[in-house]
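Some notes on the structure that comes next.
Derivation of every value follows stated rules applied to the coordinates shown; laboratory data play no part. Since the structure is predicted, the reported quantities are computational estimates derived from the model, not experimental observations. Backbone-built Cβ (ideal geometry, glycine too); neighbour counts: all protein chains shown.
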Amino acid sequence: MVLGLGAFAQSDAQKSSDTSKREENPLSAYNRIIYAGVKAIVLRSADKMPEENYSFKPVDTVRSYGQILGHVADSQYHFCSTVLGEESPAPKIEKTKTSKADIIAALKDAFAYCDKAYEGLTDAAAPQMVKRWGDVPKLGALGVNNIHTVEHYGNLITYMRMKNIVPPTSEPGFMQQPKNETKK
């Protein structure tokens with residue numbers, strides 16, 4: 001799935017990123033491409049679920065759909081503040097937001113905060129160590145953020161399937177590579 005996310009996000013990343021920046025910083029550029037894909041499917045998942053299902057949870061011992069999205073938003077601040085060398089704003093979105101509109105707005109704000117960490121990282125800075133669960137390279141912290149978000153996307157998939165909603169990564173055409181207009 002992660003490789004598919006890279007393919008999915010690559011067309012948008014190619015439009016928005018300078019080619020020379022990708023060539024000079026292949027590790028951080030690829031991590032940024034994966035992040036863009038993860039971000040896109042989570043936002044699409046937030047949009048696809050109807051408001052009345054944001055409080056849905058299959059059993060009482062797990063998070064609701066909205067709480068999972070709030071947790072993902074909170075985690076963006078947690079991981080990316082470490083890379084940015086800032087104190088996490090820790091907005092407690094999971095605990096304070098319940099409406100679809102509020103959660104989506106908070107999620108977009110959290111991703112915008114994280115965008116700074118991904119966009120600002122170069123391969124030269126990628127191995128710089130930061131304090132989070134011990135010493136972790138900046139690239140590693142952002143990689144774990146991607147993994148953590150994908151983990152919770154898996155939860156969202158289950159909840160969507162239980163409500164007969166097709167997850168973004170199962171939509172027709174998801175894995176199709178964009179056509180390269182320069183090739184004939």
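Along region 155-162 the Karplus relation, 6.51 cos²θ - 1.76 cosθ + 1.60 evaluated at θ = phi - 60°, assigns HN-Hα couplings of 4, 4, 4, 4, 5, 4, 4, 5 Hz to successive residues, with x for each Gly and Pro. Here the peptides 29-36, 132-139, 100-107, 78-85 are ranked by packing, the mean other Cβ count within 10 Å, and the order with the highest first is 29-36, 78-85, 100-107, 132-139. Close amide H pairs (under 5 Å, H built 1.01 Å from N) link residue 123 with 28, residues at least 5 positions away or on another chain.
For the listed residue pairs 116/163; 57/116; 39/100; 57/108; 138/163, the alpha carbons are over 26 angstrom apart in 116/163; 57/116; 138/163. Amide H contacts of residue 130: 136, 138, each under 5 Å away and 5 or more positions distant or on a separate chain (H built 1.01 Å from N in the peptide plane; Pro and chain starts excluded).
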